[in-house]
Amino acid sequence: MKPSRGYHLIALLLAIVIPREIRAREAITPSPDVGHIIKDLDGLHIDGTRFDPGAPCKVDVQKDLPRPDQVQPLYLRPGTDLYWLPNIDGQLEIPRGASIELHCSHSFTSMDTNLRSIRVQCVQDTTFAWTGSKMKFRDFTCSHAIPYTVERLDRRCGDDAAETPKHPAAFWYRVGYDIGDGRFVTTMELCHDPDLLRTHYARHQLIPASVHFQRNVKRLKFSPAGHFTGLDIARIYSHRNQEKVIDAGLIDIKAGLFLARGHLAAKADLIYASQQRSSFNYVNVAPQWQTFNGGLWANLEEATRRYVASSGISVTVYTGTYGQMKVAGSRVLHMATDANNSGVLAVPQLFYRVLIDNGQPRRGIALLGVNNPHATLAQIHESYIICDPVEEQVPWLDWLHKGNAKGKLKQGYLYACSVPDLAQVVHQLPRPLLQVDELLA
């Protein structure tokens, strides 16, 4: 039988790369022809026929994960504390033969194992192998819900000034899943003042795939997650309590004029069900008027996700609050009082959302919204514009002009500033943001 082309190529390659003598400590320089021969060999079987090295498995976030009524595991880069995130098309892309780690807090459903973490190997399309069995990716489910953790860290954040009665201490909190072995899978970080019950800001990531966040994820009840000791925080946010503590002329439940639990790190910014569920903790919220929450602020969140996706960038997002809403001229509107009868959980004057380009960290934009459905346009220009507006210099913010132009101030009022301009005023923001001197335009 005549030797095949593949046979001759392999023989020639071996002759080139295996020397007659091995010289110690001397690097072997391959012949210039080796690269060409290897290229010829790529995709050849030993008999010279072509083969498909194997396309990666692609798991669509909307179609190929477990049903909404099932518990999804955490989808992790093996051995790390990082999610395996989807590509720009909203697909988990796992190379053929590679493994992804799945984690449950207790056990996997209908599987003969007590392991909480397993690594499943890409076979083809959405089929994965584990211990000799092949299963569809959506069939790997957990037997119990996975509880998230809100953990206070021994690290200060916020204003650099020393702690005083006027400037209480704020601490970093991390939110996510403690999966053991020293691994904590973080979904967001929060800078929170436990004395004033105020979260200065949340920090999380937005990537192009964020626009493909999982739909139909059931909303959880908000949880204090082990914090807010001695306070019934759910009762404080209840409509009945608001009708007691807020001036009658300010609140109208039926008209949407009440204070909602306004997410800082937005549910829809987070891709997987596990990430979204971890956002339902009271440290990640601030009192936000519902007409604003479901109005222009919701438009702002959606517009930033679309911008990140269309630009193909990843950004760090700081979402926070500034100031205190005042009524009757100078009285601060609080939702509760502490043991000393001092006001806590103040209603913020403004919400802001800062985007920092991770690829070019001196590029960013600050977006602000007025959290007062009763403010007039004159009052907004007098008391709520805290930095120089720049939205006219940013083409992708055209939608913002249209929202304000409608004149429905109950739905909010939005504007944009440079990041350093906002950071000069909002002292709780990290000081390196003062160096973000280019607009994300």
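The values are calculated or read from the model by the stated rules, or taken from the named source; none is laboratory data. Computed from a predicted model, the values in this text were never measured in an experiment. Please note: Cβ atoms are built from the backbone with ideal geometry, for glycine as well, and neighbour counts cover all protein chains shown.
Remarks
- Failed item, numbered, when residue 196 is tested on (1) assigned to a loop (DSSP other than H, G, I, E, B); (2) surrounded by fewer than 16 Cβ atoms within 10 Å (Cβ to Cβ); (3) more than 20 Å from the chain's Cα centre (by Cα): (2)
- Checked against (1) touching a His at 6+ places or on another chain (Cβ under 8 Å); (2) modelled with pLDDT under 95, residue 338 meets all criteria but (1).
Per-residue answers, yes or no, for (1) at negative phi; (2) at pLDDT below 95; (3) surrounded by 10 or more Cβ atoms within 10 Å (Cβ to Cβ):
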site	(1), (2), (3)
29	yes, yes, no
33	yes, yes, yes
60	yes, no, yes
65	yes, no, yes
74	yes, no, yes
82	yes, no, yes
91	yes, no, yes
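- Test: residue 305 is crowded, with 18+ Cβ neighbours inside 10 Å and among the basic types (Lys, Arg): yes
- Test result for residue 376, more than 20 Å from residue 408 (Cα to Cα), among the hydroxyl-bearing types (Ser, Thr, Tyr) and surrounded by fewer than 20 Cβ atoms within 10 Å (Cβ to Cβ): no
- The residues of segment 328-361 that are surrounded by fewer than 14 Cβ atoms within 10 Å (Cβ to Cβ) and charged (D, E, K, R) amount to a single one, 331.
- Among the residues of segment 252-265, those that are surrounded by fewer than 17 Cβ atoms within 10 Å (Cβ to Cβ) and either charged (D, E, K, R) or not in a helix (DSSP H, G or I) (or both) comprise 252, 254.
Here's the yes/no breakdown for (1) part of a loop (DSSP other than H, G, I, E, B); (2) within 22 Å of the chain's Cα centre (by Cα); (3) modelled with pLDDT under 95; (4) closer than 24 Å to residue 376 by Cα:
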site	(1), (2), (3), (4)
404	no, no, yes, yes
410	no, no, yes, yes
432	no, yes, no, no
441	yes, yes, yes, no
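- Residue ID - surrounded by the most Cβ atoms within 10 Å (Cβ to Cβ), chosen from residues in segment 238-251 that are assigned to a loop (DSSP other than H, G, I, E, B) and free of Cβ contacts under 8 Å to residues at least 24 places away in the same chain: 251
- All of (1) farther than 24 Å from residue 291 by Cβ; (2) basic (Lys, Arg); (3) modelled with pLDDT of 95 or more; (4) surrounded by fewer than 18 Cβ atoms within 10 Å (Cβ to Cβ) hold for residue 215 with one exception: (3).
Each row is one residue, and each column tells you yes or no for (1) exposed (fewer than 15 other Cβ atoms within 10 Å of the Cβ); (2) in a helix (DSSP H, G or I); (3) in contact with a helix residue (DSSP H, G or I) (Cβ under 9 Å, 6 or more places away or on another chain); (4) free of Cβ contacts under 8 Å to residues at least 12 places away in the same chain.
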position: 201; (1), (2), (3), (4): no, no, no, no
position: 205; (1), (2), (3), (4): no, no, yes, no
position: 211; (1), (2), (3), (4): no, yes, yes, no
position: 236; (1), (2), (3), (4): no, yes, yes, no
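- Looking only at segment 118-142, and only at residues there that are β-branched (Val, Ile, Thr) and not in a strand (DSSP E or B), the one that is nearest to residue 107 (Cα to Cα): 141
- A count restricted to segment 110-135 and to residues that are without any contact (Cβ under 8 Å) to a residue 40 or more places away in the chain and either loosely packed, with under 15 Cβ neighbours inside 10 Å or of a type in the set (A, V, I, L, M) (or both) stands at 14.
- Filter result (surrounded by fewer than 17 Cβ atoms within 10 Å (Cβ to Cβ) and in contact (Cβ under 8 Å) with a residue 12 or more places away in the chain) within segment 179-193: 180, 183, 184
- Screening the candidates 315, 347, 308, 285 for the property of being in contact (Cβ under 8 Å) with a residue 24 or more places away in the chain and either among the hydroxyl-bearing types (Ser, Thr, Tyr) or closer than 23 Å to residue 220 by Cβ (or both) yields one hit, 285.
Listed here are the residues, each with its yes/no results for (1) β-branched (Val, Ile, Thr); (2) out of contact with any His (no Cβ under 6 Å at 6 or more places or on another chain); (3) closer than 29 Å to residue 356 by Cβ.
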{"site": "150", "(1), (2), (3)": "yes, yes, yes"}
{"site": "177", "(1), (2), (3)": "no, yes, yes"}
{"site": "181", "(1), (2), (3)": "no, yes, no"}
{"site": "195", "(1), (2), (3)": "no, yes, yes"}
{"site": "231", "(1), (2), (3)": "no, yes, no"}
